[in-house]
Amino acid sequence: MADTVLLGLDVGGSSIKSALVDIEQGRAVTPLQTTPTPVPSTPAAVLQLCAQIDRQLKARGAAGLAFPAVVRHGVARTAANVDHAWIGFSGGAELSRLLGRPVVFINDADAAGVAEITLGAARGVAGLVILLTFGTGIGSAVFLDGKLLPSTELGHMEFHGVDAERIASAHARTVEHLDWPSWCARVNDYLARLHALFWPDLFVIGGSISEDFEQYRALLQSPTEIRRATFGAEAGVVGAALAAANGEQL
Ligand code: BGC
């Protein structure tokens, strides 16, 4: 019988989140563990740490590895907040070699989106759904009738002459000491651009900023319905495990 508890790993620029995930219930069954990302965050250093976490958690079956970069056919193509040695690197294949088990390698926002569309805020929503994760950068996951269009990079869409994430990420809010109205004005502007280009049926707001959603939800405006992501900090880990269960390498 296939394992129903799988390892989800969510690599970020500053930390690696991990847990064993019950893929039927879509929830972590071990406490969400946060481990500092090695510096420098080279593939070898990061993946050895992932293998160590896998041993500690006594994981079995396939594993999911969420990563903050474009991942095409199992290969990282960008490296926004991690060591540039990742560009061109087959992260899933290498971790699979270290673990001796299958690994699915997936963009971190796509992983969060998989969690939300399968069991969270966008469950059962037909049409076009765009999940945005607001954190260090802005990640995006785009679904049409539940099917993922992998590795979209809407956070890097040009916006006022620079990447949108430089203006509207949670990180930008922190470093520029923006209050909620000022930050939401930028996000509304960004959502308006996305609305004009995609005409989505639903926006889901995820990433670290989703934890404060009640403080700013009344300030967000769009002709498109806006919902808060339901998986919070666990989204990437749960989605990575769900992607591993699915087994398809995008
Ligand atoms: C990266 C994306 C990633 C997002 C969130 C962006 O800078 O380009 O691939 O999904 O940050 O981590």
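The values are calculated or read from the model by the stated rules, or taken from the named source; none is laboratory data. Predicted model only: the values in this text are computed from it and were never measured. Note that each Cβ is placed from the backbone with ideal geometry, even for glycine, and that neighbours are counted across all protein chains shown.
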Legend entry - All positions within region 118-144 that are assigned to a helix (DSSP H, G or I) and of a type outside the set (A, V, I, L, M, F, W, C): Thr118
Legend entry - Filter result for Ala229 (at pLDDT below 95 and either within 16 Å of the ligand (Cβ to nearest atom) or surrounded by 14 or more Cβ atoms within 10 Å (Cβ to Cβ) (or both)): no
Legend entry - Lone qualifier among Trp180, Trp199 - being touching a Lys or Arg at 6+ places or on another chain (Cβ under 9 Å), away from the ligand (no atom under 14 Å from the Cβ) and of a type outside the set (Lys, Arg): Trp180
Legend entry - region 218-237 residues that are in contact (Cβ under 8 Å) with a residue 24 or more places away in the chain, paired with ones that are part of a loop (DSSP other than H, G, I, E, B) and aromatic (Phe, Trp, Tyr) (beta carbon under 9 Å, 6 or more apart): Pro223/Trp199; Thr224/Trp199; Val237/Phe231
Inset, instruction - Would you confirm whether any residue within region 101-116 is more than 17 Å from Lys17 (Cβ to Cβ) and within 16 Å of the ligand (Cβ to nearest atom)? - result: no
Legend entry - Whichever residue in region 120-141 is surrounded by 16 or more Cβ atoms within 10 Å (Cβ to Cβ) and over 17 Å from the mean Cα position of the chain (by Cα) and, among such residues, is farthest from the ligand (Cβ to nearest atom): Val125
Inset, instruction - Kindly indicate whether any position in region 223-236 is aromatic (Phe, Trp, Tyr) and in contact with a strand residue (DSSP E or B) (Cβ under 7 Å, 6 or more places away or on another chain). - result: no
Inset, instruction - Scan region 66-88 and give yes if some residue there is of a type in the set (Ser, Thr, Tyr), within 16 Å of the ligand (Cβ to nearest atom) and either under 20 Å from the mean Cα position of the chain (by Cα) or crowded, with 20+ Cβ neighbours inside 10 Å (or both), otherwise no. - result: yes
Inset, instruction - Would you check which residues across region 149-167 are away from the ligand (no atom under 12 Å from the Cβ) and either surrounded by 21 or more Cβ atoms within 10 Å (Cβ to Cβ) or of a type in the set (Asp, Glu) (or both) and list them? - result: Glu158
Legend entry - Condition broken by Leu144, with the remaining ones in (1) more than 15 Å from the ligand (Cβ to nearest atom); (2) outside the structural domain of Phe203 (by TED's automatic domain parsing) satisfied: (2)
Legend entry - Hits in region 23-33 - residues which are free of Cβ contacts under 8 Å to residues at least 60 places away in the same chain and surrounded by 15 or more Cβ atoms within 10 Å (Cβ to Cβ): Thr30, Gln33
Inset, instruction - Check region 204-212 and report whether any residue there is at pLDDT 95 or above, among the acidic types (Asp, Glu) and assigned to a loop (DSSP other than H, G, I, E, B). - result: no
